[in-house]
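Engineer: Right, I'll just put the structure down here and ask away after.
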Amino acid sequence: MNEQQRQAYLEAMGIQVYYPRQPLANALASPDYVWPEPAEPEAGTSPAAASEPASKTRSVRPASARVVVDLDESRRERRRESPADSAAADTAAATQQAPEQEDANAAPALQFRLAFYRPGPDLAVLSELPLQARADSAEARELLGNILLALSIESRDSDWQAEMFNWPLSPDMPAREATEEHARQALGGFITQRRQQGGFSNLLLFSSRLAPLMPGAAKEQTSGDFPARKLNCQVCCVDSLQAMLALPELKREVWQQLQPLRQRLQAS
């Protein structure tokens with residue numbers, strides 16, 4: 001894991017990164033941090049400004065360097081045998097190498113944005129937002145307020161502020177490091193950190209497509225009420241607020257799915 005990605009994970013979990021300016025007495029040596037390669041200087045950038053990041057950034061040999069060397073050596077061996085066969089093999093090798101480079105630079109397949117709310121002492125809410133949205137729309141917040149009121153939670157939306165969780169954690173995160181399993185671990189760490197800050201025993205998720213990311217959920221699960229033992233709380237997954245606004249007939253089904261949560265909140 002490179003240092004930039006490590007900082008993104010820690011920031012999402014609410015952990016402040018600390019770097020000492022001077023060596024500390026009796027402290028272990030710092031790990032060998034791996035930083036991303038410096039970007040190419042833009043047009044019009046002075047040579048001094050372009051060279052400064054390079055001197056402070058550790059160069060990392062790309063993973064494809066070894067593959068290229070191996071391909072070059074195999075080409076030399078083939079050329080000794082038959083030039084015609086070697087040319088055909090070079091074409092096949094280049095075709096095989098291209099998808100690997102495309103996969104490494106491809107955009108992550110899983111992208112989402114969640115708003116985290118604490119409307120009550122025993123309840124936390126995660127609401128999926130459109131990727132470009134900064135917060136829930138006014139209509140979505142009104143719908144959320146009505147649902148909370150039906151759950152016997154009297155709280156105005158102005159009384160609680162949203163914290164955002166974005167996946168991938170950083171825009172430059174490689175696709176191979178932004179998998180569903182990585183997202184599950186990062187989101188679990190985010191929820192655990194918030195629960196430690198102010199305990200809650202119920203988590204309401206407004207997102208059917210992100211239900212499988214919850215610890216304890218089945219891989220094909222899109223809704224339902226289940227225990228998340230790793231988070232030490234009960235999770236209730238329903239359709240997103242945006243989906244209910246687009247298809248009002250979903251509200252009746254969502255209300256039925258909220259009944260176990262409603263009973264627990266009334267009993268507490």
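The values are calculated or read from the model by the stated rules, or taken from the named source; none is laboratory data. If you're wondering where the values come from, they're calculated on a predicted model, not measured in any experiment. FYI the Cβ positions are ideal-geometry reconstructions off the backbone, even for glycines, and counts take in every protein chain you see.
Engineer: Is it the case that some residue within segment 108-125 is hydroxyl-bearing (S, T, Y), over 11 Å from the mean Cα position of the chain (by Cα) and in a strand (DSSP E or B)? Reasoning before the result, please.
Structural biologist: Taking segment 108-125 as the starting set, the residues that turn out to be hydroxyl-bearing (S, T, Y) are 117.
Now narrow it down to the ones that are over 11 Å from the mean Cα position of the chain (by Cα): 117.
Checking which are in a strand (DSSP E or B) leaves us with 117.
Yes, the conditions are met somewhere in segment 108-125.
Yes/no per residue for (1) touching an Asp or Glu at 6+ places or on another chain (Cβ under 8 Å); (2) in the same structural domain as L261 (by TED's automatic domain parsing); (3) at pLDDT 90 or above; (4) surrounded by fewer than 14 Cβ atoms within 10 Å (Cβ to Cβ):
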position	(1), (2), (3), (4)
E128	no, yes, yes, no
D136	no, yes, no, no
E139	no, yes, yes, yes
Q161	no, yes, no, yes
R184	no, yes, yes, no
G189	no, yes, yes, no
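Engineer: Out of everything in segment 235-253 that is touching a residue at least 60 places away in the same chain (Cβ under 8 Å) and either in contact with a Ser or Thr (Cβ under 9 Å, 6 or more places away or on another chain) or basic (K, R) (or both), what residue ends up being surrounded by the fewest Cβ atoms within 10 Å (Cβ to Cβ)?
Structural biologist: Taking segment 235-253 first, the residues touching a residue at least 60 places away in the same chain (Cβ under 8 Å) are 240-242, 244-245.
Imposing the further condition that a residue be either in contact with a Ser or Thr (Cβ under 9 Å, 6 or more places away or on another chain) or basic (K, R) (or both) reduces the set to 240-242, 245.
Values: S240: 22, L241: 25, Q242: 20, L245: 15.
By that ranking, first place goes to L245.
Engineer: Quickly run through segment 148-192 and pick out the residues that are in a helix (DSSP H, G or I), among the charged types (D, E, K, R) and over 22 Å from L258 (Cα atoms).
Structural biologist: D159, R176, E177, E180, E181, R184
Engineer: Please determine whether any residue of segment 162-185 is among the hydroxyl-bearing types (S, T, Y) and closer than 26 Å to L110 by Cα.
Structural biologist: Looking for residues that are among the hydroxyl-bearing types (S, T, Y) and closer than 26 Å to L110 by Cα, one finds at least one in segment 162-185, hence yes.
Here's the yes/no breakdown for (1) farther than 15 Å from D136 by Cβ; (2) under 17 Å from the mean Cα position of the chain (by Cα); (3) of a type in the set (S, T, N, Q):
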position	(1), (2), (3)
L204	no, no, no
R209	yes, yes, no
L213	yes, yes, no
G216	yes, no, no
G224	yes, no, no
L231	yes, no, no
V235	yes, no, no
D239	no, no, no
Q242	no, no, yes
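Engineer: Here are some residues: L213, L258, L231. Which one is surrounded by 15 or more Cβ atoms within 10 Å (Cβ to Cβ), at pLDDT 95 or above and assigned by TED's automatic domain parsing to the domain that holds A133?
Structural biologist: L258
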